[in-house]
1. Give the order of Met161, Met128 when sorted by the count of other beta carbons within 10 angstrom, beginning with the fewest.
2. Which value, in debye to the nearest 20, gives the size of the charge dipole of the range 48-106 about its Cα centre, when Lys and Arg are +1 and Asp and Glu are -1 at the Cβ?
3. Report the full-extension gain for the segment Glu97 to Asp134: residue separation times 0.36 nm, less the Cα-Cα distance, to one decimal in nm.
4. As a footprinting exposure proxy, order Val180, Val61 by other Cβ within 10 Å, with the fewest listed first.
5. When ranked by the protection proxy of mean other Cβ atoms within 10 Å per residue, highest first, what sequence do the peptides 119-125, 76-82 form?
6. Please give, to one decimal in nm, the separation of the simple spin-label points placed at Arg41 and Ala169, each 7 Å out from Cα toward the Cβ.
7. Give the residues of the range 81-98 whose amide nitrogen is closer than 16 Å to a point set 7 Å from the Cα of Thr156 in the direction of its Cβ.
Amino acid sequence: FVEFWNVFQIGMFFKNSAKAVVMNSACIFKGLDFSPPAHSRNDWIGPPDKHSNLRPVIFYVPPEESPLERRLREARQEAQACDQRFWARHNRTFRQEKEEFIYSRLKAKGLEIRDETGQKATLNAEEMADFYKDFLSKNFRKHMQYNRDWYKRNFTITFLMGQVALARALRWLRWKKKNVGN
């Protein structure tokens with residue numbers, strides 16, 4: 001039961017943490033400056049990545065990981081690597097287009113990027129709303145495709161989690177039956 005409960009808790013963690021990143025420590029997040037102690041038996045979640053805003057997770061790999069458990073871990077890692085790539089690229093594009101928009105609007109008003117005090121000039125909320133609306137409209141198809149892919153990946157992960165939980169429960173029942181007879 002304890003093993004089943006642990007799998008359930010991990011499943012609830014991933015269900016409730018769409019932005020949690022599960023991955024090998026260095027494969028996607030460059031400059032990862034934390035690592036769990038060698039004796040740790042848990043996943044470790046790091047600080048948000050500066051490009052994607054996703055938190056990297058260093059996955060615990062049990063010494064006797066079953067092939068099914070490995071498939072689940074790798075599916076999570078791949079899903080989170082896809083999320084990392086998408087959000088890093090998306091956020092980079094967003095920041096770049098936002099700066100270009102601000103620059104073009106300021107230029108149209110005859111203003112410089114910095115005011116006379118050296119402060120960065122800004123636009124009001126209404127002007128920025130135009131940018132946000134245009135950006136979302138322009139990227140609608142990308143977001144829809146990302147959402148479809150996200151659901152597919154997470155359905156696969158959920159299915160694998162169920163298989164792992166069932167395999168662990170059956171293994172525990174076999175162990176219990178064997179040890180009760182002794």
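1. Met128, Met161
2. Details: 12 positive and 10 negative charges, 56 e Å.
Here the size comes out at about 260 debye.
3. Working: separation 37, 0.36 × 37 = 13.32 nm, distance 1.05 nm.
Once the chain is fully extended between Glu97 and Asp134, it gains 12.3 nm.
4. Numbers: Val180 7, Val61 11.
Placing the least packed residue first, the sequence is Val180, Val61.
5. Numbers: 119-125: 10.7, 76-82: 19.7.
Going by the mean number of other Cβ atoms within 10 Å, highest first, we get 76-82, 119-125.
6. 2.2
7. 81-86
Since every read-out is calculated from the coordinates, none of them should be taken as a lab result. What you are looking at is a predicted structure, and each value in this text was computed from that prediction instead of being measured. Glycine gets a Cβ as well: all are built from the backbone with ideal geometry, and neighbour counts include every protein chain shown.
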